[in-house]
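Report on one structure; see the data block that follows.
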Amino acid sequence: MRRTLSLLAVVAGAVFAANAAGAQQAASHAYVGAKGCAMCHKTEKQGLQAPIWEKSKHAQAFTTLTTPEAAAIAKTKGIDGSAAAAPACLKCHTIVGDAKAEMKDGVQCESCHGPGADYKGMAVMKVKADAVAKGMMAFADKAAIEAMCKTCHNAQSPTFKDFNFDERWAKIVHKKPAA
């Protein structure tokens, strides 16, 4: 077990270092993990954002790497060992680099919105510009959201099928209702 955890820590560090944007973001901000975000984003007032994520394939993204199908895909792609420990797989199936963002939680809030330790406070979150100044990634428009999604949902993925953004976005959209 200890060897597996050590291996996962090494792999996680390698994946994170390979992701220049992620490494730069984490250098100045820390993660809180899905549980840290869910505390405030689970109510109807917040648009039930956490429950939407919990029911999504994003929440299960890491778990899919532990399946026999993932092992077969990894083997055909020349990946030696488990897909759940392969940097090529982990970069899109989880957050790596911080213990608070547990890998088992898959693609979580901070995968898209950036490490949240500095913007998670209620006072900061009430003013979007303040949250952005403290590391929250906000998207100016639908095209920016689509571009973020396509950093993983693209032809480099071994299971890629045509990516219909509008169809996929409808399954995960999690806007806060207007006040």
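Can you pull out every residue in the stretch 26-65 that is among the acidic types (Asp, Glu) and free of Cβ contacts under 8 Å to residues at least 24 places away in the same chain? Listed by number, the list holds a single entry, 54.
Residue-by-condition table, conditions (1) basic (Lys, Arg); (2) buried (at least 20 other Cβ atoms within 10 Å of the Cβ); (3) assigned to a helix (DSSP H, G or I):
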| residue | (1), (2), (3) |
| --- | --- |
| 62 | no, yes, yes |
| 69 | no, no, yes |
| 74 | no, yes, yes |
| 78 | no, no, no |
| 89 | no, yes, yes |
| 92 | no, no, yes |
| 97 | no, yes, no |
| 107 | no, yes, no |
| 110 | no, yes, yes |
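Listed conditions (1) assigned to a loop (DSSP other than H, G, I, E, B); (2) more than 24 Å from residue 120 (Cβ to Cβ); (3) within 13 Å of the chain's Cα centre (by Cα) are all met by residue 31, apart from (2).
Just one of the numbered conditions (1) loosely packed, with under 15 Cβ neighbours inside 10 Å; (2) outside any loop (DSSP other than H, G, I, E, B); (3) among the aliphatic types (A, V, I, L, M) is not true of residue 131: (1). In the stretch 160-174, of all residues being assigned to a helix (DSSP H, G or I) and of a type in the set (Lys, Arg), the one that is nearest to residue 77 (Cα to Cα) corresponds to 168.
Within the stretch 68-87, the residues that satisfy the criterion of being closer than 19 Å to residue 153 by Cβ and without any contact (Cβ under 8 Å) to a residue 24 or more places away in the chain are 69, 70, 74, 83. Checked against (1) within 17 Å of the chain's Cα centre (by Cα); (2) free of Cβ contacts under 8 Å to residues at least 40 places away in the same chain; (3) more than 14 Å from residue 33 (Cβ to Cβ), residue 90 passes all but a single condition, namely (2).
Exactly one residue out of 161, 175, 150 is on the phi < 0 side of the Ramachandran plot, of a type in the set (Lys, Arg) and surrounded by 12 or more Cβ atoms within 10 Å (Cβ to Cβ), and it is 150.
Readers should treat all values here as calculations from the given coordinates under stated rules, not as data from a laboratory. Note that the coordinates shown come from a computational prediction; the quantities given were computed from them, not determined experimentally. Because the Cβ atoms are built from the backbone with ideal geometry, glycine has one as well, and the counts that use them run over all protein chains shown.
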